[in-house]
Amino acid sequence: MTLPPTVEWQGDAQTGRMVIIEQTLLPDELKLVELTELDPVIDAISRLAVRGAPALGVAGAFGAVIALRSGLGDAGLERLADARPTAVNLRWAVERVKRVAEGDPERALAEAKAIHEDDIRTCRAIGEHGAGLIEDGFGVLTHCNAGALATGGMGTALAPMYVAFEQGRKFRVFADETRPLLQGARLTSFELAENGIDVTVIADSMSAVVMREGKVNLVITGADRVAANGDAANKIGTYGVALHAKTHGLPFYIAAPKSTFDASLADGGGIPIEERKPEELRMLKGSRTAPDSAKVYNPAFDVTPAGLIAGYITEDGILKASELADWLK
Ligand code: MRU
């Protein structure tokens, strides 16, 4: 990966800091931000300065170290875990650090680093398992950003692309721009291009037509939370892409680590969907796109039913929905 780590810890538990890429400024500016207090960590997560389910897990884990060393206790950890509701990795990581640390920041940091290192290994494994799906000459479509910028490692949905590229295969990627916050245009195309992969940005409204034109062979996206039956929440618009893929007879895969699966939910109906502020749709880069007088509906995620998903690219291999229950036991 040619970019600095999306999120990392520098220094010791008492005086160290979490360092993140400030993703709201990309692709114009690659800026690193140091976080040493809990409120700025929660703010960075809420503003999507750090985002993507596995990266939220890593940031949550390091944030928990900061909460514990600041003496903010369970209330601080709860606020952190609640900063974004859909990606299950955030709460999962905060609760894992809390359980192991028993209030000790040193133990919290050791556990947070283990979560980060696991994520690096997991992303690589997802890449190795998924790379075989990408053949020479393929077009691969993705939605939102599930790459290095969304994880502690090389990504989930983009990991098979990075590994197929390492293995010498030639393919092109279509990146949906992903309104309203443009993670596909700003982040996916940026990181793929930085790493030498052929990427074409398309408007969200174009995925059906590029499929009909025969330019796409395969769709891979990430997920924020997958229920036990395989229903998968991901960035708003993913469900539509999956429907288009079905119409055009194309396989649609979800790439996600086990930490993104929520075995406590029987199906996607129970996944909490974050609704974000109306300004994200009324304004774009400081310019108005809709009047204040218009109402806005801005859910950040949707749920793709398991029936539209060809398989789940995980660290343990590519699984079918029918295999998930056993794997999650
Ligand atoms: O709102 P975001 O940018 O955090 O949404 C991110 C996504 O929807 C990703 O596809 C998902 O978290 C998987 S990241 C590997």
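The values are calculated or read from the model by the stated rules, or taken from the named source; none is laboratory data. Model, not experiment: these values are computed from the prediction. Note: ideal-geometry Cβ built from the backbone for every residue, glycine included; neighbour counts use all protein chains shown. The accessibility values were calculated without ligands, DNA or RNA, using every heavy atom of the protein model including side chains. Shrake-Rupley method; radii C 1.70, N 1.55, O 1.52, S 1.80 Å.
Total residues in segment 210-229 satisfying the condition of being more than 16 Å from the ligand (Cβ to nearest atom) and either within 20 Å of ARG179 (Cα to Cα) or out of contact with any Asp or Glu (no Cβ under 7 Å at 6 or more places or on another chain) (or both): the figure is 10. If TYR253 passes every condition in (1) touching a helix residue (DSSP H, G or I) at 6+ places or on another chain (Cβ under 6 Å); (2) outside any helix (DSSP H, G or I) but one, which one does it miss? That leaves (1) as the condition not met.
Each row is one residue, and each column tells you yes or no for (1) touching a helix residue (DSSP H, G or I) at 6+ places or on another chain (Cβ under 6 Å); (2) of a type in the set (Asp, Glu); (3) surrounded by 24 or more Cβ atoms within 10 Å (Cβ to Cβ).
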site: GLY11; (1), (2), (3): no, no, no
site: LYS31; (1), (2), (3): yes, no, no
site: GLU34; (1), (2), (3): no, yes, no
site: GLY76; (1), (2), (3): yes, no, no
site: PRO85; (1), (2), (3): no, no, no
site: LEU90; (1), (2), (3): yes, no, yes
site: ALA101; (1), (2), (3): yes, no, no
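Being of a type in the set (A, V, I, L, M, F, W, C) and either open to solvent by 50 Å² or more (accessible area, probe 1.4 Å) or more than 24 Å from VAL226 (Cβ to Cβ) (or both) is the filter here, so list the residues in segment 36-61 that pass it.
Residues of segment 36-61 that are of a type in the set (A, V, I, L, M, F, W, C), as a first pass: 38, 41-42, 44-45, 48-50, 53, 55-56, 58-59, 61.
Once the filter is applied, which keeps residues that are of a type in the set (A, V, I, L, M, F, W, C) and either open to solvent by 50 Å² or more (accessible area, probe 1.4 Å) or more than 24 Å from VAL226 (Cβ to Cβ) (or both), segment 36-61 yields LEU38, VAL41, ILE42, ALA44, ALA49.
Consider ALA290 carefully, then state whether it is on the phi < 0 side of the Ramachandran plot and either within 13 Å of the ligand (Cβ to nearest atom) or touching a residue at least 12 places away in the same chain (Cβ under 8 Å) (or both). The answer is no for ALA290.
Within segment 293-329, the set of residues being more than 16 Å from the ligand (Cβ to nearest atom), of a type in the set (Gly, Ala, Ser) and in contact with a strand residue (DSSP E or B) (Cβ under 8 Å, 6 or more places away or on another chain) comprises ALA306, ALA310, GLY311, ALA321.
Of all residues in segment 282-319, those that are surrounded by 13 or more Cβ atoms within 10 Å (Cβ to Cβ) and either modelled with pLDDT under 95 or closer than 26 Å to PHE252 by Cβ (or both) total 21.
Do the conditions hold for ALA255, that is, is it closer than 30 Å to PRO4 by Cβ, touching a Pro at 6+ places or on another chain (Cβ under 8 Å), modelled with pLDDT of 95 or more and within 16 Å of the ligand (Cβ to nearest atom)? Give the derivation first.
On the way: closer than 30 Å to PRO4 by Cβ: yes; touching a Pro at 6+ places or on another chain (Cβ under 8 Å): yes; modelled with pLDDT of 95 or more: yes; within 16 Å of the ligand (Cβ to nearest atom): yes.
Yes.
From the list ALA131, ALA157, the lone residue that is touching a Pro at 6+ places or on another chain (Cβ under 7 Å) and either away from the ligand (no atom under 14 Å from the Cβ) or within 14 Å of THR314 (Cβ to Cβ) (or both) is ALA131. Hey, does segment 287-302 have a residue that's under 22 Å from the mean Cα position of the chain (by Cα), under 25 Å from GLU128 (Cα atoms) and not β-branched (Val, Ile, Thr)? So far as segment 287-302 goes, no, none of its residues is under 22 Å from the mean Cα position of the chain (by Cα), under 25 Å from GLU128 (Cα atoms) and not β-branched (Val, Ile, Thr).
Only helices (runs of 4 or more DSSP H) whose full extent lies in segment 31-81 are considered here, and the ones with at least 1 residues that are over 12 Å from MET18 (Cα atoms), touching a residue at least 40 places away in the same chain (Cβ under 8 Å) and among the charged types (D, E, K, R) are 53-69, 73-81. Taking the conditions (1) crowded, with 16+ Cβ neighbours inside 10 Å; (2) out of contact with any Phe, Trp or Tyr (no Cβ under 7 Å at 6 or more places or on another chain); (3) of a type in the set (Gly, Ala, Ser) in turn, GLY249 satisfies each one other than (1).
Taking segment 160-181 as the range and being within 15 Å of the ligand (Cβ to nearest atom) and open to solvent by 30 Å² or more (accessible area, probe 1.4 Å) as the test, the residues that pass are GLU177, ARG179, LEU181.
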